[in-house]
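Asks: Below you'll find the structure I mean.
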């Protein structure tokens, strides 16, 4: 694929991501995406043979970008692993105007919707969330080793429990339109990992 072709494909994906994050998958038709992207229908079908394959590609692109962001937040930089892990959770508290936790919106928005609609899209999200949990578990394991996280914390169990808690808190934040659920998740995270309360 040439650079120009990749650029058009990426432009369609980026445009679709913004629209789907706001409205969901089912509520958005191809014409709305194509109109917003300024791309003719023929070009769309050159890159994506169906709306479902577009959705699958969009989620795959989203997961890849999310994992790069997560890797950057957790990367060794001389600070304890516990502090790097808390940077990730702190990033969830950056709320957009509609009460959604930044780049976490798409998982929160689409997980329930596409799980029963498309096995391929569900699989992309499931693989992505499993990779997120694995990275969190590795950071917790590192934190136990460097003494910045309580020694009793089981890395895999803790990572899964924390991610599940934060996804639920993000959903409640969307419903409430205020951040108390995420703030509660932050306090619970510090307690679970044996970290001092933030001030």
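Asks: Please state which one of 83, 75 is out of contact with any helix residue (DSSP H, G or I) (no Cβ under 8 Å at 6 or more places or on another chain) and surrounded by fewer than 18 Cβ atoms within 10 Å (Cβ to Cβ). Even if it seems obvious, please write down each step before you answer.
Replies: Numbers: 75 fails: out of contact with any helix residue (DSSP H, G or I) (no Cβ under 8 Å at 6 or more places or on another chain).
Of the residues listed, the single one that is out of contact with any helix residue (DSSP H, G or I) (no Cβ under 8 Å at 6 or more places or on another chain) and surrounded by fewer than 18 Cβ atoms within 10 Å (Cβ to Cβ) is 83.
Residue by residue, here is whether (1) under 16 Å from residue 117 (Cβ atoms); (2) assigned by TED's automatic domain parsing to the domain that holds residue 127; (3) in contact with a strand residue (DSSP E or B) (Cβ under 7 Å, 6 or more places away or on another chain) holds:
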{"residue": "17", "(1), (2), (3)": "no, no, no"}
{"residue": "21", "(1), (2), (3)": "no, no, no"}
{"residue": "38", "(1), (2), (3)": "no, no, no"}
{"residue": "42", "(1), (2), (3)": "no, no, no"}
{"residue": "55", "(1), (2), (3)": "yes, yes, no"}
{"residue": "84", "(1), (2), (3)": "no, yes, no"}
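Asks: Another question, if that's okay. Before we move on, is residue 34 at pLDDT 90 or above, over 16 Å from residue 127 (Cα atoms) and buried (at least 17 other Cβ atoms within 10 Å of the Cβ)?
Replies: On the way: at pLDDT 90 or above: yes; over 16 Å from residue 127 (Cα atoms): yes; buried (at least 17 other Cβ atoms within 10 Å of the Cβ): yes.
Yes.
Asks: Being in a loop (DSSP other than H, G, I, E, B) and at pLDDT below 90 is the filter here, so list the residues in the stretch 60-99 that pass it.
Replies: Initially, the stretch 60-99 is screened for residues in a loop (DSSP other than H, G, I, E, B), giving 75-80, 92-99.
92, 93, 94, 95, 96, 97, 98, 99 - these are the residues of the stretch 60-99 that are in a loop (DSSP other than H, G, I, E, B) and at pLDDT below 90.
Asks: Filter the stretch 61-72 for residues that are in contact (Cβ under 8 Å) with a residue 24 or more places away in the chain and surrounded by fewer than 17 Cβ atoms within 10 Å (Cβ to Cβ); which is nearest to residue 21 (Cα to Cα)? Steps first, please.
Replies: Step one: filter the stretch 61-72 for residues in contact (Cβ under 8 Å) with a residue 24 or more places away in the chain, giving 61-63, 65-67, 69-71.
Pick out the ones that are also surrounded by fewer than 17 Cβ atoms within 10 Å (Cβ to Cβ) and you get 65, 67, 69, 71.
Values: 65: 15, 67: 18, 69: 18, 71: 23 Å.
The extreme case among them is 65.
Asks: Before we move on, is residue 161 in the same structural domain as residue 88 (by TED's automatic domain parsing), surrounded by fewer than 20 Cβ atoms within 10 Å (Cβ to Cβ) and part of a loop (DSSP other than H, G, I, E, B)? Spell out how you get there, then give the answer.
Replies: On the way: in the same structural domain as residue 88 (by TED's automatic domain parsing): yes; surrounded by fewer than 20 Cβ atoms within 10 Å (Cβ to Cβ): yes; part of a loop (DSSP other than H, G, I, E, B): no.
Criteria not met by residue 161.
Asks: Looking at the stretch 134-151, which of its residues are over 10 Å from residue 192 (Cβ atoms), free of Cβ contacts under 8 Å to residues at least 60 places away in the same chain and not in a helix (DSSP H, G or I)?
Replies: Scanning the stretch 134-151 gives a single hit, 151.
Asks: Go through (1) part of a loop (DSSP other than H, G, I, E, B); (2) at pLDDT below 90; (3) more than 19 Å from residue 186 (Cα to Cα) and name the single condition residue 109 misses.
Replies: Just one mismatch for residue 109, condition (1).
Asks: Shifting gears a bit: Can you tell me which residue within the stretch 136-153, out of those that are surrounded by fewer than 19 Cβ atoms within 10 Å (Cβ to Cβ) and at pLDDT 90 or above, is nearest to the chain's Cα centre (by Cα)?
Replies: Per the stated criteria, the residue is 138.
Asks: Mind checking which residues of the stretch 29-44 are closer than 10 Å to residue 15 by Cβ and in a helix (DSSP H, G or I)?
Replies: Residues of the stretch 29-44 closer than 10 Å to residue 15 by Cβ: 32-39.
Scanning the stretch 29-44 gives 32, 33, 34, 35, 36, 37.
Asks: Can you tell me which of 160, 195, 171 is closer than 27 Å to residue 125 by Cβ and in contact (Cβ under 8 Å) with a residue 40 or more places away in the chain?
Replies: Numbers: 160 fails: in contact (Cβ under 8 Å) with a residue 40 or more places away in the chain; 195 fails: closer than 27 Å to residue 125 by Cβ.
So the residue among 160, 195, 171 that is closer than 27 Å to residue 125 by Cβ and in contact (Cβ under 8 Å) with a residue 40 or more places away in the chain is 171.
The values are calculated or read from the model by the stated rules, or taken from the named source; none is laboratory data. Being a predicted model, the structure only gives us computed values, none of them experimental. Cβ coordinates were reconstructed from backbone atoms using ideal geometry, including for glycine residues, and neighbour counts include every protein chain displayed.
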